[in-house]
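A quick write-up on the structure given underneath.
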Amino acid sequence: MIRTHRHQDFTCKNGAKDIEIIKAIAIWSVTLLMVPALIARPDLRSRTQVGRLTFFPDTERSRVYYYSPFDLSIGTTNEGRPDLLLLLTRYTGTSVHGDQGTFTPYSLLSFHIVMLTPDSEDLIEARKAINAEWRRIELKPLPIRWLDAAVIYTPVDVAGESPTILPGGDFESGEQNSSSATRSFWTERYFTVRLGPHDAQLLWKAMHEGQLIMSLGYAFYADGVGPDQPIEELRGSPELIAELEKRLGNRKSDEENDKINAYLVKAGALPIQIDANHWPGLCKKIDINERIPPDYPVLRIYCFDFNNALNPDLFAKVVDIEATAAAFTGRENNSVRLKVRFSQLQPDLYCQTVRSQFAVRLDKPYRFRTTDILLNSQMKVHDWQERTVWTNILDVTTPHIEMPPEPDHENGEEGEQNGP
């Protein structure tokens, strides 16, 4: 079964107490974690392999080295089946939106992704290979800017069938506390693909008509001083490689990413054989109307401040969400409070899915606020905002502000002025 990962639920009726908690966390985090993470500058031109570890030196600090991510794999359940879930949801409308009786498919395919981490022996052997004074060598995880993935599938029993490419998905944290990005890589994440009605029905049909082979390709891109020639190549079938190349091209075509020099440092492809008849738990259907059941993905939140390096002064962004529960919670206004975080320590995590331990009412609006934590440990708490539509994505990326043009003194133009 796909593991549900709940976000922290606060019981404070007084918002001031929440702010003090956030501020204490901010100061502690910035002091202990920020400096070594943000000044990392790996030299990707110099690569050394020792056992399972591939590592690169820092361009400025002679005793600091960075090791690449390990291979990824699909998690398995206690029953031995692949830990993935195809969830088809029909949204039947709410009275508040005036769309009762309508049926809107909202479906997703979720994978539990696992990465091994180096043990102490791996790290010691790598340090010894680097320098005789190995005890003074510091090994850190390579700072990852982007982590892309693509999924294709092919029915086993249909001869000559071409692979079907699924739409792009997002990685999300699978760990309650993922703030240790400066000390080790993550060990588990979830890769989720949002499916349209056509893709969802095709995949559901293919999974129930017989076995199919699914392949998940992935690619890690890191910041640093890059080589003239690629140090890694994309892997998988031609269709899978073409899709990953397409997604990288889309990233580079974004004008916000023009100044980011990220290089491919790790790639792989995971074959997954699926038999929904043998493992019926791989597929589920659910209808929702004016409430969302507990542990269901309530809201999808995006923040590209760190993934696209939009604001160098911003260290972290905290998003508070407040909704109305469908059952008694013991809180003021029967509310449920949820919280997600984005930070410079993990710029590749730009998407978070909010889940609640309580059923949430869709016929009631939700509200949210963001708190910016700056590199100097100062905070900026923004006002609460209200949203009435739950099915829309919430994007909390800092708005881009265009600077006014400088006055053209030669032509006597002082620019537009405010006021008389």
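In this label model, Q273 and Q385 are separated by 4.9 nm, measuring between points 7 Å along each Cα→Cβ vector.
Please list, in order, the residues from the stretch 337-381 whose amide nitrogen is less than 15 Å from a point placed 7 Å along the Cα→Cβ vector of I393. Correct set: 349-354. Indicate the gyration tensor shape class of the stretch 292-395 (rounded, prolate or oblate), computed on the Cα atoms with a ≥ b ≥ c the square roots of the eigenvalues: a/c under 1.5 is rounded; otherwise a/b larger than b/c is prolate and the rest oblate. Here the stretch 292-395 falls in the prolate category.
What does the extension gain come out to for R81 and E138, with contour length at 0.36 nm per residue minus their alpha carbon separation?
Taking 0.36 nm per residue and subtracting the Cα distance, the gain is 16.6 nm.
Working from label points 7 Å from Cα in the Cα-to-Cβ sense, the K246 to S162 distance is 1.1 nm. When the convex hull of its Cα atoms is viewed from all sides, the stretch 207-247 shows a mean projected area of 4.2 nm².
Give the peptides 281-287, 143-149, 206-212 in descending order of average Cβ contacts within 10 Å, highest first. Before the final figure, lay out each step's value.
On the way: 281-287: 14.0, 143-149: 23.0, 206-212: 17.3.
My ranking of the peptides, most packed first, is 143-149, 206-212, 281-287.
Hey, can you rank 74-80, 135-141 by average C-beta count inside 10 Å, highest first? Write down the numbers at each step before the final one.
On the way: 74-80: 12.1, 135-141: 15.9.
Highest to lowest by the protection proxy: 135-141, 74-80.
Potential lengthening of the chain between Q49 and D313 amounts to 91.5 nm, from the contour at 0.36 nm per residue minus the alpha-carbon distance. With a simple spin-label model that places each label point 7 Å from the Cα along the Cα-to-Cβ direction, the separation between S73 and R367 comes to 4.8 nm. Checking the cross-link pairs K285/K339; K128/K317; K205/K252 against a 30 Å limit on the alpha carbon distance flags K128/K317; K205/K252 as lying beyond it. Across the options S377, Q346, V360, the greatest Cα extent toward the positive end of the charge dipole of the stretch 338-392 (unit charges at beta carbon of Lys, Arg, Asp, Glu) belongs to V360. For the pair E125 and H208 in one chain, pulling the backbone fully straight at 0.36 nm per residue adds 25.0 nm over the alpha carbon distance.
Rounding to the nearest 20 debye, state how big the charge dipole of the stretch 292-395 is about its Cα centre with +1 on each Lys and Arg Cβ and -1 on each Asp and Glu Cβ.
Values: 13 positive and 12 negative charges, 57 e Å.
In debye, rounded to 20, the stretch 292-395 gives about 280.
Bear in mind that the values in this text are calculations on the coordinates, not laboratory data. Every value quoted in this text rests on a predicted model; they were computed, and no experiment measured them. Virtual Cβ from ideal backbone geometry, glycine too; neighbours counted across all protein chains shown.
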